[in-house]
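Q: Just passing along the structure, written as structure tokens.
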Amino acid sequence: MSIAVTHIADLIPLSITGEHTPHLRIGQIYCHQRGCETGRGVLTDFNSYAQSHGISYDQFSSFRIGDIELEAVAASQGITFQAGDILLIRFGVTETLGQTTGAEKAAAMNSDTMCGLYGSK
């Protein structure tokens, strides 16, 4: 199965004349019919949690967090997970890349290694 990323502008319904009709509501069924996933997005900020809890890690390493750490991050940020949530985790990769030279950035991006989650449930 391939996943296509679609910009929201591509989902705005068009009238018969081909003009955009922004007054029409874009619902889940409309999006699903066009191959898009919809749901409640939940952003957890592991980077801030790690800084405030003295956790040191390298974004371009095989560092992983598990469900226990993820639940701790969510609880500290007042997040309660629900079935069907779309999980987004901020690890601070963009900030790290912004503080590197061109050569360091290229080496990091070509390393094929990045922090993330343990594969489990």
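The values are calculated or read from the model by the stated rules, or taken from the named source; none is laboratory data. Given the structure is predicted, the values throughout are model-derived calculations rather than measurements. Quick reminder, even Gly has a Cβ in these numbers, built from the backbone with ideal geometry, and neighbours come from all protein chains shown.
Q: Within segment 57-74, how many residues are loosely packed, with under 11 Cβ neighbours inside 10 Å and modelled with pLDDT of 95 or more?
A: If we filter segment 57-74 for residues that are loosely packed, with under 11 Cβ neighbours inside 10 Å, which is where we start, we get 62, 68.
So of that shortlist, the ones also modelled with pLDDT of 95 or more come out as none.
Adding up the residues that qualify gives 0.
Q: Based on what the data block shows, is residue 111 at pLDDT below 90, touching an Asp or Glu at 6+ places or on another chain (Cβ under 8 Å) and either of a type outside the set (S, T, N, Q) or at negative phi (or both)? Lay out the reasoning, then the answer.
A: Details: at pLDDT below 90: yes; touching an Asp or Glu at 6+ places or on another chain (Cβ under 8 Å): no; either of a type outside the set (S, T, N, Q) or at negative phi (or both): yes.
Spelling it out, it is not the case that residue 111 is at pLDDT below 90, touching an Asp or Glu at 6+ places or on another chain (Cβ under 8 Å) and either of a type outside the set (S, T, N, Q) or at negative phi (or both).
Per-residue answers, yes or no, for (1) at pLDDT below 95; (2) of a type outside the set (Lys, Arg); (3) out of contact with any Phe, Trp or Tyr (no Cβ under 8 Å at 6 or more places or on another chain):
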residue	(1), (2), (3)
31	yes, yes, yes
78	no, yes, yes
88	yes, yes, yes
94	yes, yes, yes
100	yes, yes, yes
105	yes, no, yes
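Q: Can I ask one more? Looking at the structure I just gave you, is residue 107 farther than 30 Å from residue 27 by Cα, without any contact (Cβ under 8 Å) to a residue 24 or more places away in the chain and either of a type in the set (A, V, I, L, M, F, W, C) or touching a strand residue (DSSP E or B) at 6+ places or on another chain (Cβ under 8 Å) (or both)?
A: On the way: farther than 30 Å from residue 27 by Cα: yes; without any contact (Cβ under 8 Å) to a residue 24 or more places away in the chain: yes; either of a type in the set (A, V, I, L, M, F, W, C) or touching a strand residue (DSSP E or B) at 6+ places or on another chain (Cβ under 8 Å) (or both): yes.
Yes, satisfied.
Q: Quick one: count up the residues across segment 56-108 that are of a type outside the set (Val, Ile, Thr), part of a loop (DSSP other than H, G, I, E, B) and closer than 15 Å to residue 41 by Cβ.
A: Initially, segment 56-108 is screened for residues of a type outside the set (Val, Ile, Thr), giving 56-64, 66-67, 69-72, 74-78, 81-85, 87-88, 90-92, 95, 97-99, 102-108.
Those still in the list that are part of a loop (DSSP other than H, G, I, E, B) too: 56-63, 66, 77-78, 81-85, 91-92, 99.
Within this subset, residues satisfying the condition of being closer than 15 Å to residue 41 by Cβ are 77, 81-85.
Total meeting the criteria: 6.
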